[in-house]
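This report refers to the structure that appears directly beneath it.
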Amino acid sequence: MTPEDLAVLHERAFEGQGRSWTASEFSELLQNRAVALIGDNRAFALGRLVADEAELLTLACDPICRRQGLARDRLDALLREVKAKGALRIFLEVASDNLAAISLYQKAEFVQIGRRKEYHDTPNGRVDAIVMEKRL
């Protein structure tokens, strides 16, 4: 997928939830050897590995492809990849009002380890970010 493809899908996935990422931002991330991209034009997971810790940067699924297990498949594939490269744990931040994503992460055995007050800008104002971790 090109950075432009990623930006288009990210915008569709997060429509109405705040600012999506630009092609330039994706391009910059993908130049980093520590960044892993799993997916296709229906859904993707983007993560970064530093030493023995990984971070899920974003997980996006086209709205017309939701409820088909694609996001979970991409997440699982990313978890396998970072674990194979030496990650012992992975972190993520999710908007506290994104209940579908929180449920997905809980089913994948992520646990809440923190909260960042008013971290995400949304069309309805600022919302907290829930910080989650999964031991690999």
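Readers should treat all values here as calculations from the given coordinates under stated rules, not as data from a laboratory. Just so it is clear, the structure is predicted and the values come from calculations on it, not from any experiment. Glycine also receives a Cβ, built like all others from the backbone with ideal geometry; neighbour counts cover every protein chain displayed.
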*So Leu99, is it under 27 Å from Gln31 (Cβ atoms) and out of contact with any Ser or Thr (no Cβ under 6 Å at 6 or more places or on another chain)*: no
*Hits in the range 90-122 (condition: polar (S, T, N, Q) and within 16 Å of the chain's Cα centre (by Cα))*: Ser96, Asn98, Ser103, Gln106, Gln112
*Go through the residues of the range 67-89 one by one and say whether even a single one is among the aliphatic types (A, V, I, L, M), loosely packed, with under 13 Cβ neighbours inside 10 Å and either under 19 Å from Ala100 (Cβ atoms) or touching a Gly at 6+ places or on another chain (Cβ under 8 Å) (or both).*
no
*From Ala45, Ala71, which residue is touching a helix residue (DSSP H, G or I) at 6+ places or on another chain (Cβ under 9 Å) and assigned to a helix (DSSP H, G or I)?*
Ala71
*Would you pick out the residues in the range 80-136 that are part of a strand (DSSP E or B), in contact (Cβ under 8 Å) with a residue 12 or more places away in the chain and of a type in the set (Asp, Glu)?*
Glu93, Asp121, Asp128, Glu133
*asked:* Among the residues of the range 55-64, are any farther than 21 Å from Glu11 by Cβ and more than 15 Å from the chain's Cα centre (by Cα)?
replied: no
